[in-house]
1. Can you list residue pairs whose Cβ atoms sit under 9 Å apart, with the first residue in segment 245-260 being modelled with pLDDT of 95 or more and among the acidic types (Asp, Glu) and the second being in a helix (DSSP H, G or I) and open to solvent by less than 10 Å² (accessible area, probe 1.4 Å)? Count only pairs 6 or more apart in sequence or on different chains.
2. Mind listing just one residue for me: the one in segment 32-61 that is more than 19 Å from residue 20 (Cβ to Cβ) and polar (S, T, N, Q) and, of those, least open to solvent (accessible area, probe 1.4 Å)?
3. Look through 207, 211, 240 and report the one residue that is aliphatic (A, V, I, L, M), surrounded by fewer than 21 Cβ atoms within 10 Å (Cβ to Cβ) and under 18 Å from residue 295 (Cα atoms).
4. Identify the residue in segment 104-151 that is of a type in the set (Ser, Thr, Tyr) and in a strand (DSSP E or B) and, among all such residues, is surrounded by the fewest Cβ atoms within 10 Å (Cβ to Cβ).
5. Quick test of your reading of the structure: residue 226 fulfils all but one of (1) among the hydroxyl-bearing types (Ser, Thr, Tyr); (2) touching a Pro at 6+ places or on another chain (Cβ under 9 Å); (3) at pLDDT below 95. Name the failing condition by number.
6. Going through 81, 38 one at a time, which residue ends up being among the hydroxyl-bearing types (Ser, Thr, Tyr), touching a residue at least 24 places away in the same chain (Cβ under 8 Å) and over 30 Å from residue 289 (Cα atoms)?
7. Out of the residues in segment 1-31 meeting the condition of being charged (D, E, K, R) and assigned to a loop (DSSP other than H, G, I, E, B), tell me which one is surrounded by the most Cβ atoms within 10 Å (Cβ to Cβ).
8. Given the structure, is residue 192 within 22 Å of the chain's Cα centre (by Cα) and open to solvent by 40 Å² or more (accessible area, probe 1.4 Å)?
Amino acid sequence: MSELFRPGDHRAGAVFSDAAFTAAMVAVESAWAGTELTAPDGELDVEAGGNPLIPLVQALRRANPGVEVHTGLTSQDVVDTALVLMLRDAVGRVRTHLADALGALDRLDAAHGHHEVTARTLTQWALPVPLSHRFAAWRTGLREADADLAALTYPVQAGGPVGVLPDRRDLAARLGLSDAPSWHTTRRPVTRAGDALVATTDACGHVARDVLTLSRPEVGELSEGTGGGSSSMPHKANPVLSVLIRSTALVTPPLAATLHAAAADQVDERADGAWHAEWDTLRLLARRTVVATGQTADLLAGLTVHPDRAAANLAAAQRLRGGTP
C-alpha cells in the first residue's frame, strides 16, 4: 500500500494485500480440492474476467495437472470465503491492538485518574471531575468496540453457480470457518463486520479528539509522548498520532456506508457490481482500522498528563463560577 497517501499504513503489513488475497483464494481452493495446491507464479490478468479468481483458477489448473480444481464452486464462493479469511486475520490484529490500548489506559488511570480536572460541555468549562471520568469514557468506547468484534462470525461461502450447493461442511471445517447457507446476495456478514470496524475507529477517534483538544498550548493538560515535527516551525511538537487517528475516524464511516449501499443493491442470485464494490472498500476499512488501533495503543502508552496545568485551568474555571480556587 502507500504511506505517501496514508502515513502509517505500514502498520497494517500484509493485511488485505494482493499477496494475502491470492494466498487466501489458494487456501480455499486447496481446502475444496482436499489437497495442498501449488500456487502459480506471476501476475494475474484480473480485468478480463471481472474478478481475481477466474485467472487464478486457470493458473491453478495449469500448475496442478490431474487435480480437480474449483469443480462445483463459483467465483463468488472463493472470493467471499477468501475475504472472510482475511477479515478474520485483520480483526485478530485489531483486537490485539485494542488490548494494548486498554492496558495502557489502565496504567494511565492508575497513575493519574485521581487528578481533578475541569469537564467541558459544548466547548465551555463545566464542573470538576476526576480525570478517571474521562478515561472511563475512552475505556467504554474501546471495550464496546472490542465486544462487537468478538461477536463477529466468519461464515464459509459455498453456494455454487446459483447458491444452491448443499455441501459446505467439509470446506468450513478445513478452513476453521462457520457453516452457513449461501449468502451470495445476503450481505449481512460484510456489513456487520464493517459496522464493528467503524465502531472501533469511532472509539479511537474519540480518544484522539480529546487529546487534540487538551494538548492545545492554551490548555496543555495532555501531550503526546513524542510529537511530530513541523516543516517550517522547529519549535512545534505536533500531536501527529492523534491527527492521523482522527483522520481515519473521519474517513471510515463512509466506507461502511458503501458496504451498506452495496448490500441494498443486491439483485437476483448474483449481483452485477454491488458485490464487486465491496472488495476494495473492505480492504481499505480493515487496513485503516488496524493502523488506527495500533496508533491509539501507542498514543495511550506515551500520553503525558500535566497535573499542574489541569489544576490551573480548574482554578480559573472555579473563579469564573464564583467559587473558591
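1. Short answer, once both residue conditions are applied: none.
2. 35
3. Values: 207 fails: surrounded by fewer than 21 Cβ atoms within 10 Å (Cβ to Cβ); 211 fails: surrounded by fewer than 21 Cβ atoms within 10 Å (Cβ to Cβ).
After applying the criteria, what remains is 240.
4. Here is the first cut: in segment 104-151, the residues of a type in the set (Ser, Thr, Tyr) are 118, 121, 123, 132, 140.
If we keep only those that are in a strand (DSSP E or B) as well, we get 118, 121.
On the way: 118: 22, 121: 8.
Looking at the filtered set, the residue picked out is 121.
5. Of everything listed in (1) among the hydroxyl-bearing types (Ser, Thr, Tyr); (2) touching a Pro at 6+ places or on another chain (Cβ under 9 Å); (3) at pLDDT below 95, residue 226 misses just condition (2).
6. Details: 81 fails: over 30 Å from residue 289 (Cα atoms).
Sole residue among the options that is among the hydroxyl-bearing types (Ser, Thr, Tyr), touching a residue at least 24 places away in the same chain (Cβ under 8 Å) and over 30 Å from residue 289 (Cα atoms): 38.
7. Restricting attention to segment 1-31, the residues satisfying the condition of being charged (D, E, K, R) are 3, 6, 9, 11, 18, 29.
When the remaining residues are screened for being assigned to a loop (DSSP other than H, G, I, E, B), the result is 3, 6.
Numbers: 3: 10, 6: 18.
Restricting to residues being charged (D, E, K, R) and assigned to a loop (DSSP other than H, G, I, E, B), the top hit is 6.
8. Against the criterion (within 22 Å of the chain's Cα centre (by Cα) and open to solvent by 40 Å² or more (accessible area, probe 1.4 Å)), residue 192 qualifies.
The values are calculated or read from the model by the stated rules, or taken from the named source; none is laboratory data. Computed from a predicted model, the values in this text were never measured in an experiment. No Cβ is skipped: glycine too gets one built from the backbone with ideal geometry, and neighbour counts run over all protein chains shown. Note: accessible area is taken over every heavy atom of the protein model, side chains too, but ligands, DNA and RNA are not part of it. Shrake-Rupley method; radii C 1.70, N 1.55, O 1.52, S 1.80 Å.
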